[in-house]
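Structure, as C-alpha cells:
The values are calculated or read from the model by the stated rules, or taken from the named source; none is laboratory data. Treat the numbers as computed from the prediction; the structure is a model and nothing was measured. Cβ: placed from backbone, ideal geometry, glycine included. Neighbour counts: every protein chain shown. All accessible areas refer to the heavy atoms of the entire protein, side chains included, with ligands and DNA or RNA removed. Shrake-Rupley method; radii C 1.70, N 1.55, O 1.52, S 1.80 Å.
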Amino acid sequence: MTGSLLTGCSESTGSGSPSSTMEPPSAPAMPGLRVADLAELAPKGSDDILPVLSEASRAAADDLLTQVGIVELLPSAPEMLDVLGARVTETAAAQVSVGSAEPAGFRRPPVAHGVTRHPSASPAALSNRGAGLGLTALGAGIATSLSRGADGNPVNDDQTINYGEPVNFGDRENGTPAVQMKLVNGTMEMRILNRGSEPVDGGQMSVDLDVRGVVDACPSADGTVTAALSVDVRIEAVAGASTAGGRYSMELDISASVDDAASLTETVVDVFGSSSDTTTTTSDDAGTDIDGWFVEGGSRTTIAGRVADGLTVTDVEDARFTRWSANADEAAANRFLLQQSSAATAVAALTMASAEEFWRGGACVDVQLLPAGDPAAVQPGDEVLIAIEATSVVDGQPIDAPATAVATATGGSVTPPDTAQELPADVIYAVPEDGSDGEVTGRVTSRRGIGVSTLPFTTVEAFVVDGQLDVFHASGTKCGGVEGAWELALTADFQGYPFTGTLRFDLSPAGTGTYTLIGSTSGGGITVDQTGTGTVETVVASNGQQLIFTGSAWTGGPSGVRSIEAGIVADAAC
C-alpha cells in the first residue's frame, strides 16, 4: 500500500487545528483464521443454520455500529436497527403461494400463474441489527423460496414475485419493491431493498440496504451448483453538528458439488468484503474534523457435504487483507475478517442446504414413463413394457448413466421390482388379473437431481352388445366406458333378402346422443339402401346398460322406441 483509501483518515481543517499528512500504512497482521474458529457452523439443517447466521451477522453489525461511532452519537441506534431489521427479514421471509393447475408429475408445467401472498411463519426471531446487515434476510428469503422443492411439488417455472412496499431510490417515482424474486428453470434471483430513516435521541438515523442473490439451484451436467450473493449496507447517524457513517459490503461466490446420488458433497465459499467509517464533526472554532477507518479482505472456506452430523467446515485458507487505511486497528481488522468468514460460511451453508432440498425434491429433473400402448385401456393380465427416460429442466438434455431409475408399482407388479437400473431403463408392468387399476412410479437419481413421475393404468370397461333391436340383430364392443363413439353391426333377413348395416352414435357424459343407421338389402339382382336417424339414451339394466333408441330405421319408416342391452364384460378383448 502507498497511501490511505480515505483522503483524510485523521484530518482537521479550520482554526486551531493542525493538519497531518498520511504515512504509508502497515498491514494489519495476517488473520489466523482456523477451522476451529468456524466449528460452530456445523449445523444439521436449515433450521439450525439460520440462528447461527443471525448471531454471526449480528456480531458484525454490532461491531460496525461501535467502530463507526454511531452508538456513541446515538445510544438508541442498535434498537432502531433492530426495528428496521425485523421489518426487512419479515418481508424477505414472507412465503409466496403461487396458484397453479394440477402438477405434471413432480413439476408444475410452465404456464402463467396467479399470485397470492400470505404471512410466513417466521423461521426464527430475527429482529437483530438490521437483519444482520441484510445477510439473515437474504438467507431467510432464499430458504423460503427454495424450500418448495422439498414438498415433491416444487414451483420451478417462470415466476416473478414482487413483495412489500416500494422503496424509492433517486428519481424513481414508482419505487422498487422491497423484495423481488424470480425463479426460472432452477435459477433463483432475489433482491432485497430497504431504505429507512428514523428520528433517534434528538438525531436522525438512516439505513440503506441492498442485498442480491443468484442461485443456480439445479446442478449442471457435471454436478455443479453455484451461487453469487452480495450485501451492501450504509448506516448514517446525524446529531447536531456531528455525523457518523459506516458502510459494510460483502460478496460471496459459492460452488458446490453433487454426486451421482444427488447428494451435496462439498461446498467452497469465497468471500470478499470491506468495512469502513467516516466521522465528521463541525464547530465554529475548530472547523471540520474528519476521522475514518477502512479495511478490505477475504477468505475461502470449504464445507463438507451433508453427512450424519450435518454440514461441517473442513478448511479455511487464503485469509487476507487487500487494502486498509493507515489507522486500521489490527484487532478490529482481524475481527472483521472472522465475522465476515463466519457469516459467509453460514449463509452459504443455508443456501446449499435449501438448494439440496430443491434439486432432490423433483424440481430439476423431468422423468418420462413411456408405455408401449395406451395406459388408459389395458386388459387384466396384460404385460406392458415401459421405457424410463429423464431430461434436465435447465437445458432439456437427456440424463443418462450413471443416473439410475427405480420403478415401483401399486395395484399390480413391476419387473424388476425396486431395482436400480442405469438410464435409459425398461420395466414391465403386469396388470392385475382381477381387472383393478394400478400405477407405476419411476424415480430417477443423478448428479443433476432427483425426479419422480407416476403413470396410472386403467383397466378398460368393455360393453358387449349382442341382441335384438327390433328386426335387426345388433352386435359390437365398446371399450373405455359408455361415453364416446359407438359402432354396432346390424344384420337382418327380410323374407330371404339379407340386410347388412351399421349403427353409429356418440354418447355424452350424461348417456344421451343421436344415432345414424346406414345399410342396404340385397336380392334378386337389386340393392335397396336405407338410412335412419333418431336419439339414443342409456339406462341401467340387469347386466349393465340398456340402449334405448327412439327414431326410424329407414327414411319415411315408422318411428318408435326400441331397445337393446349392452352387457359389461370385464375381460372382453378391446
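Within segment 504-520, does at least one residue satisfy the condition of being surrounded by 15 or more Cβ atoms within 10 Å (Cβ to Cβ) and either in contact with a His (Cβ under 9 Å, 6 or more places away or on another chain) or in contact (Cβ under 8 Å) with a residue 60 or more places away in the chain (or both)? No, that holds for no residue.
Among the numbered conditions (1) open to solvent by 10 Å² or more (accessible area, probe 1.4 Å); (2) within 17 Å of PHE336 (Cα to Cα), the only one that VAL233 does not meet is (1).
Just so you know, in segment 28-52 the residues that are outside any helix (DSSP H, G or I) and surrounded by 17 or more Cβ atoms within 10 Å (Cβ to Cβ) include one that is modelled with the highest pLDDT, and it is LEU33. If the condition is being at pLDDT below 85 and among the charged types (D, E, K, R), then segment 192-221 contributes ARG195, GLU198, ASP201, ASP208. The single condition from (1) open to solvent by less than 10 Å² (accessible area, probe 1.4 Å); (2) part of a strand (DSSP E or B); (3) in contact with a Lys or Arg (Cβ under 9 Å, 6 or more places away or on another chain) that ARG212 fails is (1). Filtering segment 203-257 to residues that are among the charged types (D, E, K, R) and closer than 25 Å to SER145 by Cα leaves ASP208, ASP210, ARG212, ASP216, ASP222, ASP232, GLU251, ASP253. Criterion applied to GLU72, GLU79, GLU55 was being open to solvent by 70 Å² or more (accessible area, probe 1.4 Å), closer than 16 Å to VAL207 by Cβ, under 46 Å from the mean Cα position of the chain (by Cα) and modelled with pLDDT of 70 or more, and the one residue passing it is GLU79. Only one of the listed residues (SER255, SER249) is surrounded by fewer than 19 Cβ atoms within 10 Å (Cβ to Cβ), modelled with pLDDT under 95 and part of a strand (DSSP E or B). That residue is SER249. Filtering segment 527-543 to residues that are under 18 Å from GLU461 (Cβ atoms) and buried (at least 17 other Cβ atoms within 10 Å of the Cβ) leaves only THR538.
For segment 317-332, the condition of being charged (D, E, K, R), under 27 Å from ALA217 (Cα atoms) and not in a helix (DSSP H, G or I) holds for at least one residue. Only a single item in (1) open to solvent by 70 Å² or more (accessible area, probe 1.4 Å); (2) of a type outside the set (Lys, Arg); (3) modelled with pLDDT of 85 or more is not met by ASN174, and it is number (3). Scanning for something at pLDDT 60 or above and over 30 Å from LEU455 (Cβ atoms), does segment 19-27 turn up at least one residue? Within segment 19-27, one or more residues are at pLDDT 60 or above and over 30 Å from LEU455 (Cβ atoms).
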